[in-house]
Each structure stands twice: as structure tokens, then as C-alpha cells.
């Protein structure tokens, strides 16, 4: 479970694949079906963003522990055009693609931790985590 | 994977069996809009019980199906949205505004039957007004 699961994202089939792997990992990590769905939905939106803006990239999935909490970590990386204005990109309804502008803000609402690192012209990395309490 | 579409009387029933890619969803949209014309259908049911995730593209495509079918004279009802899927949809800010939904296939059929009755009743009223002239 320490290992990172790497899912390439370059087509709509990969979007489905990425969210299914995420759901499986969440199940293995002990998340209930509600949280599994939430994690899968967030991965779907993030993977879709990679396709839309960068054409290709990858999603790394892993499980981590922090004190009495266990978490699923989703890292989405691409070498696309990057995001000029990260603050606006996570606002509802803001889109430069003609989409609904719900992808990033929606994924942020679904997950507990959400960070974007982006360098224009070099790419974007979105790191998001969902936590659950470990009962001793 | 192609979604099977059953014709039942005046209705079309699309029963999604497994996870769908964007291409599958677009294909379903084209197939339904075409068949509404071919079979002169008055109602469309899309059963999403088997979908374990609905993201922004899936929701937008379902909305498009409903609006396009309505432009072709058919009412659409989406049935079988699972509770976890509904929760994630709301968190994502995704809505099916203007699209009828029902708990399951049975409720969906009942909804379409009621809509059809409403149409017949509407015609009768229209007819009696014409007679009065």
C-alpha cells in the first residue's frame, strides 16, 4: 500500500480507468462507499482537466497515514500550459475552456486537502487528499 | 461500451450497464435523439443505476439528451441516481435543472404515463374550445 499507483491520462478511457483505480485504492484503505464515490468523482474531474488543458499527464495514487488518520493521496501532474491565475481557477464558474468551470472548485469541495502548484509554460500539479479517522 | 436501447411502446429505455467513457456518452446521446424520430417515441428513460460516478461531462450529456429529446417531442426522465452519486454531484455543483428524475424504472414509467395523460387531457380541452367556435 506504500507503493504509488501511476495512471497515465491521455484519453477518455484513461479518465474512467483513473477514477476506478482511485475507488479501488480508497476501498482497500478502508473508506466507505460514500467516500469512495467522492474520491472517484474528484479524480474524474481532475483527469478531465488534464485532458482538456494539457492533453496528457498522469495521476499518482497512494495511501498515507498521519497520526490517527489514514488518507488517499491523489497527485495529478501534467506538462501542459499551466494555470496563469490559480486563485481564479479554483473559483466556481471560472473557465478558460468553455466548460462549466466546476472541475477544480468541485474537486476541492469533495476532498479535504487541495493544493495547486502551477508554472505557466511548464505544467500543473494538483495534490489532493481525503482523510478518514483510524479507530484503535 | 454501447448502451442497449429498448423500445417499449411509445417509450425508449436506455439501460446503462457499466462505466461509460465520454465517447460512449456522446454515442448514447446521438442514438437516442435519432431513435426518438425513427420510432416516434414520446418518452425516454435513461437508467443510470449502474453508474458509480457522474462527473461534469456525464451530467452535461444527460442534460443535453433531455433537452434534445424534448425538441424532438419526447420527455426524458433520468432514473436510478444512487445516493452516493447524488451526494458527490451536489458537492461538485452539478445539477440536472429542467430534467425530470425518478427513483427507479417503475417510477420513471409512471411519470411518463402521467405526462402522456396530461397531453391527451390538454388536447381534449383544446378540442372543446375549437368546437365552441
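Among residues of region A:102-119 that are more than 7 Å from chain B (Cβ to nearest Cβ) and modelled with pLDDT under 90, none has a Cβ under 7 angstrom from a residue that is in a strand (DSSP E or B) and surrounded by fewer than 17 Cβ atoms within 10 Å (Cβ to Cβ) at a sequence gap of 6+ or on a separate chain. Considering the conditions (1) crowded, with 16+ Cβ neighbours inside 10 Å; (2) within 14 Å of chain B (Cβ to nearest Cβ); (3) closer than 25 Å to residue B:24 by Cα, residue A:26 is excluded by exactly one of them, (3).
When we screen B:91, B:27, B:82 for residues that are within 13 Å of another protein chain (Cβ to nearest Cβ) and at pLDDT below 95, the only hit is B:91. Of all residues in region A:3-22, those being over 15 Å from residue A:71 (Cβ atoms) and surrounded by 17 or more Cβ atoms within 10 Å (Cβ to Cβ) number 11. Looking only at residues in region A:29-42 that are part of a helix (DSSP H, G or I) and in contact (Cβ under 8 Å) with a residue 40 or more places away in the chain, the one that is surrounded by the fewest Cβ atoms within 10 Å (Cβ to Cβ) is A:35. Taken as a whole, the structure leaves residue B:3 outside the set of residues that are within 15 Å of the chain's Cα centre (by Cα) and at pLDDT 95 or above.
The condition (being under 27 Å from residue A:17 (Cα atoms), assigned to a helix (DSSP H, G or I) and in contact with a strand residue (DSSP E or B) (Cβ under 7 Å, 6 or more places away or on another chain)) is satisfied by just one residue among B:62, B:96, B:112: B:62.
All of (1) surrounded by fewer than 20 Cβ atoms within 10 Å (Cβ to Cβ); (2) within 14 Å of chain A (Cβ to nearest Cβ); (3) at pLDDT below 95 hold for residue B:129 with one exception: (2). Quick one: would you say residue B:119 is at pLDDT below 90 and more than 14 Å from chain A (Cβ to nearest Cβ)? Here the answer is yes, as residue B:119 does meet what is asked.
The residues listed here are A:48, A:21; of these, the one that is more than 9 Å from chain B (Cβ to nearest Cβ), in a helix (DSSP H, G or I) and without any contact (Cβ under 8 Å) to a residue 60 or more places away in the chain is A:21.
The values are calculated or read from the model by the stated rules, or taken from the named source; none is laboratory data. This structure is a prediction, so every number in the text was calculated from the model and none was measured. Cβ coordinates were reconstructed from backbone atoms using ideal geometry, including for glycine residues, and neighbour counts include every protein chain displayed.
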